[in-house]
1. Take ASP304 and GLU140, extend 7 Å from each Cα along the Cα→Cβ direction, and tell me the distance between the two endpoints in nm.
2. Would you order LYS345, LYS278, LYS173 from fewest to most other beta-carbon atoms within 10 Å of each residue's own beta-carbon?
3. Tell me which trypsin sites (Lys or Arg not before Pro) from the stretch 40-83 have a DSSP coil assignment and no more than 10 other beta carbons within 10 Å of their own.
4. Compute the distance from the alpha-carbon center of the stretch 107-161 to that of the stretch 250-314, in whole Å.
5. Net charge near VAL294: determine it from the other residues with C-beta under 14 Å of the C-beta of VAL294, scoring Lys and Arg +1 and Asp and Glu -1.
6. Computed FRET efficiency, Cβ-Cβ of GLN104 and ILE234, R0 35 Å: what is it to the nearest 0.05?
7. Please report GLU331, GLU140 as a ranked list, fewest other C-beta atoms within 10 angstrom at the top and most at the bottom.
8. For the residue pair GLU168 and GLU338, what label-to-label distance in nm results when each label sits 7 Å from Cα along the Cα-to-beta-carbon direction?
Amino acid sequence: MTTTARRKVGVAGAIVGAASAGVAAVALAKRLAVGRIRLRPDPAADEPFGELRGRERTLVTSDGLALHVEIDGPEDAPLTIVFCHGYCLNRESWHYQRRELREQHRIVVWDQRSHGLSQRAAAEDCTIDRLGEDLAEVIEAFVPGPCVLVGHSMGGMTVMALADRHPELFGDKIRGVALIATSAGRLAEITLGLPALLSKAVHMVAPTTVSLMGRRGAFIDRTRHAASDIAFLITRRIGFGDSRNVSPTVVDFVESMIRATPTEVIANFYPALMNHDKLQALGVLDDVPTAIMVGDGDWLTPPDHSRAIAAALPKARLTVVPDTSHLIQLERPAVVNEALRDLIKQVET
């Protein structure tokens, strides 16, 4: 080998070595950061996340899909509370609300199609309108009397789709609605806290990127566990407003739900979320008491989206919670539970 060739090999080796060292250093820094976070006092360390159990049921929908449903609380309670979870989450995301309300009220929690223990749907059946139909069938099968609907994020959109397709249910069957950290549309305009030009660029490439992720979903799912520290930090930063003080156990709980959602499912629902537009359907909710809640630091469904819903529903009660982000029901459960109790009192009077 010539001197020049040896020099080139040496330089290449140095570059590869430096790059490898850099990657290792970043990985080590992230492990140390997560380690320091986990050493802080954790008031939720003993909270039995994922351990609340109810009476398990299966609903086969009109298009042949099996949905997992759980019924909790007294069977003869006069009012049923139906909880609809968000994108990449499952029924367990309502842990604090279920624990708080199940003593006095009949509770129905369910996994939306392709999430949690519910059956996977084909991509063409992963739409917000179809989720609205699923909710109508859940109510028909498992809600014998009046009910209150509670929807977080995509779950709130599910409630809006139900209002659009089945307005006759609101007022008699459905006596109240809570819309938590959700949107009636225009999600494609969200900046995620990025500068305008960068946000626009992200939205331009996102559909293609998500579509490619969906096609490579099985491979990506096999490797997601390797990035668990990074996923923990991202979940903590985006999902929680007061990220410095949030319980690491809560962050782990959320991250485990997100990681359990197949990449293909994330890709299948993405277009439905971006194309969601139910502003015109909101008038139906004027017939029932409605509570709207959002964190002031929500990056995913910013407060302006809740304000737009409130503007369409002048009788609704809007609560903007300080120092809180998208996972408000887990970050500020006491605030959310109090708002739900107030809504239930309105319904029962």
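Since every read-out is calculated from the coordinates, none of them should be taken as a lab result. Predicted model only: the values in this text are computed from it and were never measured. We place every Cβ from the backbone using ideal geometry, glycine too, and count neighbours over all the protein chains shown.
1. 4.0 nm
2. Working: LYS345 11, LYS278 24, LYS173 17.
Exposure proxy ranking, most exposed first: LYS345, LYS173, LYS278.
3. Numbers: sites: ARG53, ARG55, ARG57; in loops: ARG53.
Hits after loop and neighbour filter: ARG53.
4. Taking the Cα centre of each part, the stretch 107-161 and the stretch 250-314 sit 14 Å apart.
5. Working: positive: ARG307, ARG317, ARG332; negative: ASP296, ASP298, ASP304, ASP323, GLU331.
For residues surrounding VAL294, the net value is -2.
6. On the way: r = 37 Å, r/R0 = 1.06.
So the FRET efficiency works out to roughly 0.40.
7. Numbers: GLU331 27, GLU140 12.
The order, fewest Cβ neighbours first, is GLU140, GLU331.
8. 4.1 nm
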